[in-house]
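Notes to accompany the following structure.
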């Protein structure tokens, strides 16, 4: 039995990165529609990379992220994709808006890791602080 589900991917002004999210979901749906179920994860990853490149998205594959405990590096973990489309300068609330399902502490920890790797830097302090690539 084949079930077809039509999903309308929407952009709105309420969420700052909804257009980017829509593109990523659209690419994912296109890959899934073309391949279906049953392939190894690597086949889907490679196909999604092709689709996101075609869509003009800036991304990195197989990114190793450091994991810290009490300011000590305790290991790394690999994420399949990092899709980057933030402006050169952004605030913590911008990140929270673009990642509503991610906890406050996880977002803070991720920004701290990016700072330690010199990928971003902090401008200002407290609630008015901004981050710059």
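The modelled label-to-label distance between residue 18 and residue 60, using points 7 Å beyond Cα along the C-beta direction, is 3.0 nm.
Counting only Cα atoms, the size of the stretch 81-133 along its three principal axes is 26, 24, 19 Å, in decreasing order.
The fewest-to-most ranking of 19, 62, 51 by surrounding Cβ atoms within 10 Å reads 62, 19, 51.
When 79, 95 are sorted by how many other C-beta atoms sit within 10 angstrom of their C-beta, beginning with the fewest, the order is 79, 95. For the pair residue 106 and residue 29, a Förster radius of 30 Å applied to the C-beta separation gives a FRET efficiency near 0.70, rounded to the nearest 0.05. In terms of Cα atoms, the Rg and Dmax of the stretch 45-133 work out to 14.3, 42 Å. Exposure proxy for 72, 32: other Cβ atoms within 10 Å of each Cβ, ordered fewest to most, give 72, 32.
Read the figures in this text as sums done on the coordinates, not as results from a lab. Just so it is clear, the structure is predicted and the values come from calculations on it, not from any experiment. Neighbour counts run over all protein chains shown; Cβ positions are idealised from the backbone, glycine included.
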